[in-house]
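The values are calculated or read from the model by the stated rules, or taken from the named source; none is laboratory data. Treat the numbers as computed from the prediction; the structure is a model and nothing was measured. Cβ placement follows ideal geometry from the backbone for every residue including glycine, while neighbour counts extend to all protein chains displayed. Accessible surface areas use protein heavy atoms only, side chains included; no ligands, DNA or RNA. Shrake-Rupley method; radii C 1.70, N 1.55, O 1.52, S 1.80 Å.
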Amino acid sequence: MSTPHEFLSPEHMAPSPGFSHVAVAAAGRTIYVAGQIAVDGQGIVVGTGLAEQFDVALANVVAALEAAGARPEHVVTMTIYTTTIDEYREELRSLGPIWRAHMGRHYPAMALIGVAELVEREAVVEILATAIVPDD
């Protein structure tokens, strides 16, 4: 996966294995993906645990990107909201393979935010993304 976007982690900042500190986006068409949760095609929440829901929600993000003519490597920023921040910390190692299955080794500028609840009561994770499809 090559992208014209540049992702940086300045020397004086602690390195991160799961995100970039800075995203410098190339000119292009901007795609805003609404918050995606773990719902199937009928709008029913799938899964109960964080890892299972993260997998489905991230797949929904990728499907939304593809519908707009974008690919995972076009994502420049991503925000993940979770109601189970402790579970996120505990399952971090199991989330890596899920991430790579959908996003490869592309790590945009990201934030993870713990929240009290999401609109869908059964949802434990919601993912918001911004992508830029470069000009040809």
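Going residue by residue through segment 45-61, is there one that turns out to be farther than 16 Å from ALA123 by Cα, in contact with a strand residue (DSSP E or B) (Cβ under 8 Å, 6 or more places away or on another chain), polar (S, T, N, Q) and open to solvent by 10 Å² or more (accessible area, probe 1.4 Å)?
First, pick out the residues of segment 45-61 that are farther than 16 Å from ALA123 by Cα: none.
Within segment 45-61, none of the residues are farther than 16 Å from ALA123 by Cα, in contact with a strand residue (DSSP E or B) (Cβ under 8 Å, 6 or more places away or on another chain), polar (S, T, N, Q) and open to solvent by 10 Å² or more (accessible area, probe 1.4 Å).
Scan segment 98-131 for residues that are farther than 24 Å from ILE44 by Cα and open to solvent by 70 Å² or more (accessible area, probe 1.4 Å) and jot them down. Of everything in segment 98-131, those that are farther than 24 Å from ILE44 by Cα and open to solvent by 70 Å² or more (accessible area, probe 1.4 Å) turn out to be ARG100, ARG105.
Looking at ALA34, ALA25, ALA68, just one residue is crowded, with 19+ Cβ neighbours inside 10 Å and either modelled with pLDDT of 90 or more or under 15 Å from ALA129 (Cβ atoms) (or both), and that residue is ALA25.
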